[in-house]
Amino acid sequence: MSHHALNAARREADLEALQADPRPLDVLVIGGGVTGAGVALDAASRGLRTALVERRDLAWGTSRWSSKLVHGGLRYLAQGAFGIAMESARERHVLLTRTAPHLVHPIVQAVPFTPQVSAKAERELRGGLALGDGLRRAAGTSARELPRARRASADELLRIAPGVDRAGLRGALISHDAQLEDDARLVVGLARTAAAHGASILTRVAATQVAGDGAQLRDELSGATFDVRARAVINATGVWAGELIDDIRLRPSRGTHLVVPLDRLGGLAGQLTVPVPGERNRWVFAIAQRTGVAYVGLTDEPAPGPIPDVPAAPEADVDFLLATLNATLARPLTRDDVVGTYAGLRPLVESSEAKTADLSRKHAVIRSGGGLVSVVGGKLTTYRQMAQDAVDAAVDAGGLAGAAGACRTKDLPLVGAAPRDALAAVAAPRRLVDRHGTLAPDVLALAGGDPDLLAPMLPGLDVLAVEALYAVECEGALDADDVLDRRTRIGLVDAARVQARPVVDALLARSGQASAA
């Protein structure tokens, strides 16, 4: 078994070892989203004995509901938040050039100057993009990686976004940012890299009682409970952090996205950004995916009350996104064009600000006594810095300075990562390399030459059947839902999920892996 493979057998072995070993862990991480997986990697790569527990699956919560972008922080500049804007640009550079070039690539962004965009708004936007270029340079990202922002003609805009209405169009601003192949795959890559450095990654294991020196855990598959001691415990449960630790106050904000076919946007070739009428520095965008769809987002609405397992996208959000985007399109989208929706809850730190859209995206590290540390707030792009800060606090709180090395994650490639020229030379189909990087040949090898496994899972679907087997043998998927919704993202399109479900069930039965109903 590969040292970075996650599967049911390794889970069972790690669970048994955790219960049998009388020594306390150095760090117990609770939560398997991007922050928790990042924390586990940071701690394990410093030489700390680390285990991560997640009551559901990797990327179960907010981490799989993002816009799949790695932002350079332009929005935060507009709010005057220079610190987090600079942090975002720095972390974008790390992901794009060193730690995950296989999962992060440049994306062209276009803001059309339609009649809805005033001359004043145009000037402000040009000034903002110039500042964004300054951040890019300060972060060390070359114009070769992310070209400079510039003015473009209407014809050039229509080559990127053919669906835009030409009437009254007076050109566009073209800029570049970074796009994730997939957010959930980033989380899985972090978890596998942490496992390669010795961390135990335990999904379907809930923390039922938490203290500064350990936790009571429950195996959600067997129902067995047991105690684990640890020098430090890091609560990285995101929007659920306040349910685990009483003194944490969050104001969740809902971000809704729509999934629409790319051809309904005329074959969008990047990101189309349009202003929200009557608001400053608020935008709706359509982001082309290599899977033949676009994600349209993003709302920012308060979401008080109990935290749902899977947030739903309200029809009011759907209507708002369609209406805003349609004001720019020659052929408006209808509700029938929406082939899927998803919503995520941002774990924003409580503040007196009236609107969640105005709350800071800064993260906070909170000490609760003993070795208990919580990390809350923040955003996907800055997960690595959040993890570093949380582990630094845990090292201090748990008296681990003698055992811990320095943080290494700025220069630690994730499994499958390589420079772009090396990725281009990998002997595998491009779409497989997009998702698996240098491990793409391992995925192909698992098929053993079987043409059925090397074919798409369904006609027109850009996921190979063998990827379902790889998900359970190497990526920690324990059932069909894990495969459909977090390893391949087939589940983002409702009809595709229904069609693919029996195929995945059959593949998992073939591999001997149980499939959840």
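Numbers for the structure displayed
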item: Protection proxy ranking, peptides 450-463, 393-406, 479-492, average beta carbon neighbours within 10 Å, highest first; result: 479-492, 393-406, 450-463
item: Set of region 323-342 residues, backbone N closer than 13 Å to the point 7 Å along the Cα-Cβ line of GLU279; result: 323-325
item: Sorted by Cβ neighbour density within 10 Å, fewest at the top, the residues ILE287, ILE30; result: ILE287, ILE30
item: Gained length - PHE226 relative to GLN79, 0.36 nm times residue gap less alpha-carbon distance; result: 48.2 nm
item: Packing-based ranking, highest mean first, of 164-174, 32-42 given that Cβ atoms within 10 Å are counted; result: 32-42, 164-174
item: DSSP loop GluC sites (Glu not before Pro) with at most 16 other Cβ within 10 Å: longest gap in the chain; result: 1-219
item: Cα centroid of region 28-89 to Cα centroid of region 265-298, whole Å; result: 24 Å
item: ILE234, ILE201 arranged by Cβ crowding within 10 Å, fewest neighbours leading; result: ILE201, ILE234
item: Ranked list, fewest to most other Cβ atoms within 10 Å of each Cβ, for LYS120, LYS68; result: LYS120, LYS68
item: Residues of region 50-87 with amide N under 20 Å of the 7 Å Cα→Cβ point at ARG148; result: 72-74
item: Label of the coordinate-derived value, Rg/Rh (Cα atoms, Kirkwood Rh), listed as (i) 0.96; (ii) 1.01; (iii) 1.03; result: (i)
item: Partner lysines for LYS362 [C-alpha distance under 28 Å; skip if fewer than 8 residues away on the same chain]; result: LYS68, LYS379, LYS410
item: Theoretical ellipticity at 222 nm over the chain - DSSP helices of four or more residues, -39500 (n - 2.57) apiece, nearest 500; result: -9500 deg cm²/dmol
item: Spin-label model distance (nm) - ALA211 vs ALA424, 7 Å beyond Cα toward Cβ; result: 5.8 nm
item: Share of pairwise Cα separations in region 256-394, more than 22 Å, in percent; result: 50 percent
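Bear in mind that the values in this text are calculations on the coordinates, not laboratory data. None of these values were measured; they are calculated from a predicted model. Every residue, glycine as well, gets a Cβ built from its backbone with ideal geometry; the counts of neighbours run over all protein chains shown.
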